[in-house]
2 protein chains.
Amino acid sequence: MKVIVERLSKFMRKTWRIGADDPAKVVHCLKVGLALSLVSIFYYMRPLYDGVGGNAMWAIMTVVVVFESNVGATFSKCLNRVVATILAGSLGIAVHWVATQSGKAEIFVIGFSVFLFAFAATYSRFVPSFKARFDYGAIIFILTFSLVSVGGYRVDKLVDMAQQRLSTIAIGTSICIIITVFFCPIWAGTQLHRLVQRNFVKLADSLDGCVEEYFKKKDVLKNENEDEETNMKLQGFKCVLNSKGTEESMANLARWEPAHGSFNFRHPWQQYVKIGAAMRRCAYCLENLSICMSYETEVPDQAKKHFGEACLKLSSASSKILRELADMMNNTRKSSKMDFLVFDMNSAVQELRETLKSVPVESNKPKEEVPNNKGDRTMSMSLHEVLPVATLVSLLIENAAR
Amino acid sequence: MKVIVERLSKFMRKTWRIGADDPAKVVHCLKVGLALSLVSIFYYMRPLYDGVGGNAMWAIMTVVVVFESNVGATFSKCLNRVVATILAGSLGIAVHWVATQSGKAEIFVIGFSVFLFAFAATYSRFVPSFKARFDYGAIIFILTFSLVSVGGYRVDKLVDMAQQRLSTIAIGTSICIIITVFFCPIWAGTQLHRLVQRNFVKLADSLDGCVEEYFKKKDVLKNENEDEETNMKLQGFKCVLNSKGTEESMANLARWEPAHGSFNFRHPWQQYVKIGAAMRRCAYCLENLSICMSYETEVPDQAKKHFGEACLKLSSASSKILRELADMMNNTRKSSKMDFLVFDMNSAVQELRETLKSVPVESNKPKEEVPNNKGDRTMSMSLHEVLPVATLVSLLIENAAR
C-alpha cells in the first residue's frame, strides 16, 4: 500500500514538474479543452445541429486530430486535411458516378478503385520529400476516398453528405486555427530559434567544463551539490547530439507559419538545420574529449601543467565565441565583437601550437603519455576548425534575417 | 513542356527505386489495399450492414488509421484503440448519465467534463514514458469521450450506439491484425536486428576506408567509378549517426510483438538500443578521423610512412572484429574466433604504441606535424576503447537470446 502511494506521489511530482518547467505545455492543454468545448456548442444548439445535418461529429473529430501544440503543425495539418478531403471527395464522387453507370459491375469498379488508390496513396507515403509535408494528407485521402466511394453505395444523397461533411471540417479547422493563433500562440519558429540558441550556450558550458575538469587539480575537494551541477553542464553536449530530429521537424513546420515577431514568412529556416549540423560536429569533438578524460590516470601532472594554460585559454576563447553567437541570435543582428573574438581564438591556437613545439626540449621522459594530451589538443584544433563553419552559417542567417 | 516531362520521369524513377530497393514497402501497400477491400464488404452485404446499424464507417476508419507497416506498430495501435475506446466510452456514458440526472445543468456538466478530460489526456501526452507507448491511445480517448458524452446529448439509444461502434472497431482491428500477421508479416524486431547488423558492417567499411584513404599514396590514379564507391563506403558511419531515432522507436514497437523467428516474446530489445549507442560512439571517432583527413596537406610523407603500417594493422583488426560481430548477430550465437580477434587487436595497439615511442629518435624534424597523425592514433585508440563496450553488450544479448 505504502509503496503504491509513494510511487504515485513520485509520478505526480514528475508530472507536475513537466508543466512547471514549460508552462507552454499547460497552455496547450487548456487550449485543447477550450477548442473542444467551443466545437461542442454545435451539438447543444438546435439550429446549428440541424444546419449540418447531424454531421457535427466531424467537427469534433477534426479538432481532436488536427490540434497540435505549435502553430506550424496545426496549419499544416489543417491544410492537409482540407485539401485531401476536397480532392478525395470529388474523386470518390466521380468513381461512384462511373460505378453506377456500369450497372452490374458496380461493386467491382468501386472495390478495384479503392484498392488502387489506397495502394498509390500508401506508396506515396514512402517518398521522403512527400512524407515530410503531406503524410497526414495521404492518410486523410485514403480515409475520405474509401468513405465516399464505398459509403456512396448505401447513401442516396451523396453530394449533400459530402457538402455537409466538408462544411463541418471547415468549421473544425477554423476553430483550431483561430485558437492556436490568437490565444497565446506557440510558434514552431520561435521554439526552433530558442532551441538553437540554448544549444550554443550548452556547448560553451560543456566545453569550458570539460577542459577545466581535465586540468583541475585532484586534491581540491568540492561539495557534492556543486559537483552535480558541473556534471549537468558537462553533459550539455549530449542534448546537442540528440536534438537533430527536433530541429528538422521544427524547421519543416516553421515553413508553414505566417510572419510573427521578428521572423518573416520566408525566413530561411533551413539555415537553422545547417547550424544544428555544425553544432553537432562540435559536439562530436566534445564527446571524444570526454572519452579522453576517462584516460586521465595515464597523463602525468607535468604534461598537464605544460599544456594547461594554453588549452584553457583556447577553450575559453572558443566558448566565448559560442556565447557571443548565442547572444547574436538573441538580438538577431551581427555583433561587432565577433571579429575580435575570432582573432583572440586564432592567437590562442597559435600559442598552443608554440607550446606543443617546445615539448621535447623541456620534458623528455613522459613521451608516450603526451600524445594522449595531444589528442586533446587535436580535438580542440578540430573544434576550432569547425567553429568558423558555425560562424559562417550564422552570419549568413543574420544577414538574411534583416 | 520538355522540362516538365523530364522532371516527372526523374521523379518516377526515384519513386520506382524506393520500391525496388525495399520490396517490403510495396507489399505493405498491397496489404493496405487488401484490408480496405475486405472491410468494404460490410457495405456491400445487406445483412452485415444492417447488423452494425449503419456504423460500418467506423470499421473503414479503423483500418485506415491503424494499419502500419510493421506488426509491432499495428499491434500497439490496435490495443491502444480498443482499450481507449472502451475506457472513454464507459466514462462518457457515466458522465452522460450524471448530466441527465442533474436536470437543467446538463450542458454545463457535459461541457466541463469534456474540458477537464481533454485537458488531462492532452497533458498526459507530454509525459515521456507515457507518450512512448500510449500516445495514440490518448488521442482516441479524447475523441471517443467527447463524441460519446457530447453526442449523447442528441442520440437516444446511447448504449446501443456505443456497442455497435465498438463491434465495428473490433471488426476493423481484427482484419488489420490478421492481415499484418498472416500475409508476409514485417516484424519490427527483425528490421531492428538487421539495421544493427548492417550498421556494424558499415562501420567496419568506413573505418577501413578512412584509414586506407589517409595513408594512400597520392599518385596512384583510380577510375572515377571506383572512387565513388569508396566515397559511399566512407560515408557509411553517417548512417550510423542518424539511426538513433529509428532504433529507439523500433525497439519500442518490437516489445509488442509475439514470438517470431528466432526471437522470443521477451527478447531484450533494449540491448539493441545500447549497442546502437556504443556504435554511435565509434562513429563519433570516425567523424573526427575524417575531419583529420582534411588536414592531410600538413602531414609529411615520412611521418605517414612511419605510422602507416601499424595504423593499418590496427584498423583492419578493429574492422575484423566489427565484421565478426555482424556475423555473430546474423547467426545469433557466440563466435569462437572473437577472443582471438580481440587479442589480435590488442597486440596491434601495442605495436602502434611502440612505433609511437620510437618517433623522436628516428625523425627529428617533422615534430609539429606529427601530432596530427598522433591525433589519428588517439582516435584509433579511443575507438579501440569503445569496442570492448560493443563486444560486451552484444555478448550479453547473445547470451540472453538463447
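Since every read-out is calculated from the coordinates, none of them should be taken as a lab result. Note that the coordinates shown come from a computational prediction; the quantities given were computed from them, not determined experimentally. Cβ atoms come from the backbone with ideal geometry, glycine included; neighbour counts cover every protein chain shown.
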- Query: Using the Karplus equation 6.51 cos²θ - 1.76 cosθ + 1.60 (θ = phi - 60°), what ³J(HN,Hα) coupling, rounded to whole Hz, does each residue of region B:238-250 give in order, writing x for Gly and Pro?
  - Reply: 5, 4, 4, 4, 8, 8, 4, x, 4, 4, 5, 5, 4
- Quick one: if you stick a label point 7 Å off each Cα along the C-beta vector at residue B:8 and residue A:108, how many nm between them? 3.0
- Do the alpha carbons of any pairs in A:131/B:131; A:157/B:157; A:320/B:131; A:10/B:244; A:274/B:14; A:77/B:244 sit beyond 32 Å of each other, and which pairs? A:320/B:131
- Item | Rounded Å value of the spacing that divides the Cα centres of region B:74-98 and region B:10-37 | 34
- For region A:112-209, average projected area of the Cα convex hull in nm²: 10.1
- Can you work out ³J(HN,Hα) from phi for every residue in region A:37-43, in order, using Karplus 6.51 cos²θ - 1.76 cosθ + 1.60 and θ = phi - 60°, giving whole Hz and x for Gly and Pro? 5, 4, 6, 6, 4, 5, 7
- Item | Residue exposure sequence - B:329, A:279 - by fewest surrounding Cβ within 10 Å | B:329, A:279
- Item | Cβ-vector label at 7 Å, residue B:343, separations to other copies in nm | 6.1
- Label points for residue B:22 built 7 Å along Cα→Cβ; distances to same position in the other copies, nm, shortest first, come to 2.7
- Query: Between copies, how close do the residue B:239 label points come, placed 7 Å along Cα→Cβ, listed in nm from shortest?
  - Reply: 3.3
- Amide H proximity to residue A:68 below 5 Å, modelled H, separation 5+ or other chain, gives A:74
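Taking neighbour counts of Cβ atoms within 10 Å as a proxy for exposure, in what order, fewest first, do A:246, A:122 appear?
With the sparsest Cβ surroundings first, the list reads A:246, A:122.
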- Note on the structure: With no solvent term and unit scatterers on the alpha-carbon positions of region A:1-61, Debye gives log₁₀ I(q)/I(0) at q = 0.22, 0.25 Å⁻¹ of -0.84, -0.95
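For the residues A:168, A:190, what sequence is obtained by ranking on other C-beta atoms within 10 Å, fewest first?
Details: A:168 24, A:190 19.
With the fewest neighbours first, A:168, A:190 line up as A:190, A:168.
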- Task: Grab every C-alpha pair in region B:122-175, bin the distances at 5 angstrom width from 0 up to the longest one, and report whole percents.
- Result: 4, 18, 19, 20, 16, 15, 7, 2
- In nm, give the distance between the simple-model label positions of residue B:129 and residue B:197, each being 7 Å from the Cα along the Cα-to-Cβ direction. 3.4
- Message: With a cut-off of 8 Å between alpha carbons and a minimum separation of six or more residues, what is the relative contact order of region A:82-185 in percent?
- Response: 39
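More than 20 Å apart: what percent of Cα pairs in region B:28-93 qualify? Don't jump to the answer; show the numbers that get you there.
Values: 843 of 2145 pairs.
Result for the distance tail: 39 percent.
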- Message: If I model a spin label as a point 7 Å beyond the Cα along the Cα-Cβ vector, how far apart are those points for residue B:312 and residue B:184 in nm?
- Response: 4.5
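Taking beta carbons within 10 Å but only from partner chains, what does the mean come to for residues A:34-41? Don't jump to the answer; show the numbers that get you there.
On the way: counts 3, 2, 12, 8, 1, 3, 11, 3.
That works out to 5 on average.
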